[in-house]
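Read the figures in this text as sums done on the coordinates, not as results from a lab. The structure displayed is predicted, hence computed values, not measured ones. Positions of Cβ are generated from backbone atoms using ideal geometry, with glycine treated the same way; all protein chains shown enter the neighbour counts.
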Amino acid sequence: MPSFKPTKLWNAEPHTLAKIEIVRRYLFLWFRILGTSNNRLAYLDGFSGPGRYLNSQQSSPTAALTAAKAALDALSSLGRAPKEWLFYFIERENQFASNLRNVISETTWPKEFNWDVRTGTFEEKLSGILDELKKLPNGMPPTFVFIDPFGATGVPFTHVAEILKHRSCEVLINLDSDGIGRLAAAQSVEKNKAHLDAIFGGQMWEDRLEVRAPMLTLCSQVLALYKERLRSLPNVDYNFAFAMKTKQGTLNYHLVFASQNPLGLKKMKEAMKAVDKSGSYSFSDDTVGQRRLWDFSDPEQPANRMLETLGGSWRPYKDYEDFALNETPFENPKSMFQHLKSKGKMEVQWLGQPSRTGFPEERIKAIKLNP
Ligand SMILES: C[S@@+](CC[C@H](N)C(=O)[O-])C[C@H]1O[C@@H](n2cnc3c(N)ncnc32)[C@H](O)[C@@H]1O
């Protein structure tokens, strides 16, 4: 995705509106779930934008506030709503920050909501906000951070790692894998080195990216390395990416989600599934260059990848569950097991009698997939 530096309001592309809808749907679920057991929740939008588009009133800040209001209404009816909902919006451009303040002020939000638009860069403002959150009574509240830059730069890995240090914090990142690939492949890579070191949090990209490979291969490598970096962080066991493409199959960007909780990943997939895919964009798994659309109903390809990755030895159910969550559109491995079983490529060691009704995990001792 080429870098874009608007100076006035712009039109949102269909994939942008789909991205905002995913954020809105996910946040409603996230606020509802965490709101039952927390007195305070926070949302941080690192690249907030002006709050509306020429062709749409929707934006990530309004989506977050609207989702929170719906969750607050639902939780209030159960008598367990958080008392404080904090929203931090960071925007570099003065005029967009002030537009965003105006947009948010047009609506009367619940008295529990506390919002603040900060003018500046994500890089400058993040640590101050995290410090404020950490100093709250009971410490850092569960915080969802949406990081949605234009282009490849402005999101140091150290900042992402700082957010994910906290147990109930999650991030959704718009990763410009194509732009990052171009930085690495540039003739004058020397001047991009500092950017690339910041993006990956070190110099490992120098060994891992084949800068002369075709751009689509390089994009795959960028994404794979980025996911690996996320997964190297303590407790960040669940991360998942999908490609946002045009209908013609050109890559726009990857949306990368990282969480410490499998439920977060399940709910993110639910939000993606629910978003209308009839617009002029398409979702795809994160395999760049192959026009494999997300197919939430056909387990064949992901089952074959699971076989390639985990086949040949006896493993506990959890290994397959983590693979399903992190690497496939599915929330669990069961439809892929059905597929592999029908091909005679799977053996199960049961605890007691074999199950006749699928794959109840509590009855499974180990599973082996056979090529
Ligand atoms: C892709 S737009 C955000 C769209 C918004 N998240 C939404 O879904 O409606 C990126 C925004 O980030 C702002 N921006 C650019 N560089 C920034 C930086 N380093 N820190 C914070 N904001 C930045 C741009 O001015 C632009 O408004």
Derived scalar couplings ³J(HN,Hα) [the stretch 259-267; Karplus, 6.51 cos²θ - 1.76 cosθ + 1.60; whole Hz; x for Gly, Pro]
8, 9, 9, x, 5, x, 5, 4, 5
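What is the dipole size for the stretch 300-369, taken about its Cα centre, with +1 at each Lys and Arg Cβ and -1 at each Asp and Glu Cβ, in debye to the nearest 20? Spell out each step's value before the answer.
Numbers: 11 positive and 10 negative charges, 73 e Å.
Taking the Cα centre of the stretch 300-369 as origin, the dipole is about 360 debye.
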Value at 222 nm in deg cm²/dmol, rounded to 500, when DSSP H runs of n ≥ 4 in the chain each add -39,500 (n - 2.57)
-13000 deg cm²/dmol
Which of these, 42, 185, 64, has the largest mean-square fluctuation under a Gaussian network model of the chain (Cα springs below 10 Å)?
185
Using a/c under 1.5 as the rounded threshold, could you call the stretch 1-108 rounded, prolate or oblate? The axes a ≥ b ≥ c are square roots of the C-alpha gyration tensor eigenvalues, and prolate needs a/b larger than b/c, oblate otherwise.
prolate
For residue 139, what is the net charge nearby, where nearby means another residue's Cβ is under 11 Å from its Cβ and Lys, Arg count +1, Asp, Glu -1?
+4
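Evaluate the relative contact order of the chain (contact order divided by residue number), counting alpha-carbon pairs under 8 angstrom at least 6 apart; express in whole percent.
Rounded, it is 14 percent for the chain.
Report the antiparallel proportion of the DSSP beta bridges in the chain as a percent, rounded to a multiple of 5.
Just about 55 percent of them are antiparallel.
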Could you tell me the distance between the Cα centroids of the stretch 45-59 and the stretch 323-371, to the nearest Å?
43
Under 5 Å from the placed amide H of residue 47, counting only residues 5+ away or on other chains, we find 90, 148
Excluding residues on the same chain fewer than 8 positions from residue 318, give the lysines whose Cα lies under 24 Å from its Cα.
165, 227, 266, 267, 269, 273, 334, 341, 343, 345, 365, 368
Calculate the dipole size of the stretch 190-276 relative to its Cα centre from +1 charges on Lys and Arg beta carbons and -1 charges on Asp and Glu beta carbons; express the result in debye to the nearest 20.
300
Per-residue ³J(HN,Hα) for the stretch 304-320, Karplus 6.51 cos²θ - 1.76 cosθ + 1.60, θ = phi - 60°, Hz, x for Gly and Pro:
5, 5, 5, 4, 4, 7, 10, x, x, 9, 6, 9, x, 3, 4, 4, 6
If Lys and Arg each add +1 and Asp and Glu each add -1, what is the summed charge of the other residues whose beta carbon sits under 10 Å from the beta carbon of residue 99?
+1
When a/c is below 1.5 the answer is rounded, else prolate if a/b is larger than b/c, else oblate, so apply that to the chain with a ≥ b ≥ c taken from the square roots of the Cα gyration tensor eigenvalues.
oblate
Within 10 Å of each residue's Cβ, count the other Cβ atoms and sort 157, 337, 330, 89 from fewest upward.
157, 330, 337, 89
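To the nearest 0.05, what FRET efficiency results for residue 95 and residue 132 with a Förster distance of 35 Å applied to their C-beta separation?
E(calc), rounded to 0.05, equals 0.85.
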Cut-off under 5 Å, modelled amide H: who pairs with residue 253 long-range
244
Given axes a ≥ b ≥ c from the Cα gyration tensor, I'd like to know whether the stretch 86-135 is rounded (a/c under 1.5), prolate (a/b larger than b/c) or oblate.
oblate
A correct fewest-to-most ranking of 176, 197, 131 by other Cβ atoms within 10 Å would be 131, 197, 176
Taking θ = phi - 60°, what integer Hz values does the Karplus form 6.51 cos²θ - 1.76 cosθ + 1.60 yield along the stretch 207-222, in sequence order, with x for Gly and Pro?
8, 9, 9, 8, 5, 9, 5, x, 4, 5, 5, 4, 4, 4, 5, 4
